[in-house]
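Notes for the one structure printed next.
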Ligand SMILES: [Zn+2]
């Protein structure tokens with residue numbers, strides 16, 4: 001909800017800028033900034049836009065509308081919306097494999113990538129399948145709200161969503177969208193960039209070392225493209241929530257500090273990377289992406305001390321939160337629950353996280369389970385994980401059948417020759 005307000009504010013800000021432009025106001029630097037993001041690059045000069053007669057402002061590609069505030073049974077844009085109180089499915093991905101021949105080259109990383117990742121081709125097929133099965137994207141931040149009781153206690157409550165009739169809600173989240181060094185060497189894209197068309201593209205190197213900018217090789221740009229082709233997949237403008245660590249920077253930009261051998265030159269480089277990533281963050285937010293924390297050091301929260309956890313998270317706030325803004329979503333590294341398996345009582349580290357503003361705590365499981373805690377204002381939930389382990393498993397194939405049939409998705413020619421449970 002907070003995010004919704006922030007987006008509304010930024011939309012208002014954008015539209016007021018547009019109004020300034022059309023009335024001949026002298027906001028040239030601001031205009032140039034916003035047109036390079038969303039406008040047609042060939043006409044982005046400030047002088048040409050000032051000379052033009054008054055034209056209706058370009059519609060925002062992702063007008064974020066909150067699915068929880070639709071009037072019951074309302075009709076909008078010819079679409080009937082109906083109340084939905086069922087399970088909100090939640091799938092999470094890691095970065096997708098752009099070049100299987102590098103990812104699955106038999107080195108020591110091959111099996112891990114096979115276990116925890118999908119290829120770009122598999123990912124597109126999964127999106128196509130969930131779309132055809134009637135899922136629509138919703139923002140994780142819209143699924144619960146904080147309410148205050150008469151006694152003054154705050155608790156999270158599950159929202160009724162108002163969805164296009166017959167559709168089911170789907171949250172997507174993406175862990176480790178940091179473009180770690182090991183990924184660069186193993187067939188993943190290197191970073192997100194803004195292309196000449198103002199859209200997000202990925203940049204990287206192909207197996208021959210040639211530079212490649214593309215929208216077909218990265219989980220973020222593939223979803224952007226999919227929603228462009230199927231706008232009804234995202235009726236409210238939502239995309240996914242990007243779960244970020246900090247120890248190797250974010251989104252392919254090396255924004256991290258490193259306490260050892262830190263020099264003025266390295267700090268200057270870091271500042272350059274920080275400036276370079278800002279427009280990427282702004283464009284992601286503008287197009288329906290949100291951010292969550294995955295801790296700074298990808299630490300296992302269920303095994304570390306309170307002191308280690310809080311110090312690590314302070315680093316996350318300093319180096320990542322300072323760039324992506326406030327978030328209420330925490331994604332547990334390795335799926336390790338902050339309080340072990342005790343979901344009833346919130347321990348000191350969990351309480352500390354909640355005091356920092358986190359309300360939605362996501363682990364990993366075999367269903368899209370969620371629970372609003374009784375003792376504190378927080379939701380704990382599990383996500384499903386389309387990846388090699390679940391694509392290969394006979395049991396998982398059944399569990400994931402409501403989204404897709406693993407048999408139609410898995411690329412056995414690209415992946416290593418390992419056991420496929422449902423084939424035996
Ligand atoms: Zn992770």
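Tabulated data for the structure shown
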| read-out | value |
| --- | --- |
| Packing-based ranking, highest mean first, of 109-115, 79-85 given that Cβ atoms within 10 Å are counted | 109-115, 79-85 |
| Calculated FRET efficiency for the pair residue 314/residue 206, C-beta based, R₀ 51 Å, to 0.05 | 0.85 |
| Of all DSSP beta bridges in region 75-423, antiparallel share, percent nearest 5 | 45 percent |
| Sorted largest first, extent of region 79-169 alpha carbons per principal axis (Å) | 60, 36, 15 |
| Rough spin-label spacing in nm, given labels placed 7 Å along Cα→Cβ, for residue 352 and residue 116 | 2.4 nm |
| Packing-based exposure ordering (other Cβ within 10 Å, fewest first) of 75, 97 | 75, 97 |
| Set of region 180-219 residues, backbone N closer than 17 Å to the point 7 Å along the Cα-Cβ line of residue 258 | 180-185 |
| Where labels lie 7 Å past Cα in the beta-carbon direction, separation of residue 69 and residue 194 in nm | 2.7 nm |
| Spin-label zone in region 339-372 - amide nitrogen under 20 Å from a point set 7 Å from the Cα of residue 305 along the C-beta vector | 339-340, 347-353 |
| log₁₀ of I(q)/I(0) at q = 0.09, 0.12, 0.14 Å⁻¹ - region 75-423, Debye sum with one point per alpha carbon | -0.49, -0.91, -1.25 |
| Percent of Cα pairs exceeding the 11 Å cut-off, where the set is region 357-397 | 66 percent |
| Additional length obtainable on full extension of the chain from residue 150 to residue 271, 0.36 nm per residue less Cα span | 38.8 nm |
| At R0 = 30 Å, FRET efficiency that the Cβ-Cβ distance of residue 132 and residue 371 yields, to 0.05 | 0.50 |
| By average C-beta atoms within 10 angstrom, highest first, the peptides 242-253, 162-173 | 242-253, 162-173 |
| Rg(Cα)/(2.2 N^0.38 Å) for region 139-288, N = residue count | 1.29 |
| Euclidean distance between Cα centres, region 186-200 to region 98-143, Å | 17 Å |
| Per-pair calculated FRET efficiency, R0 = 35 Å: residue 345 and residue 157 via Cβ, rounded to 0.05 | 0.95 |
| In nm, spacing of pseudo-spin labels at residue 414 and residue 182 (7 Å Cα→C-beta vector) | 2.0 nm |
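No value in this document is a laboratory result; all are computed from the given coordinates. These numbers come from a predicted model, not from an experiment. Every residue, glycine among them, receives a Cβ derived from its backbone with ideal geometry; neighbour counts consider all protein chains shown.
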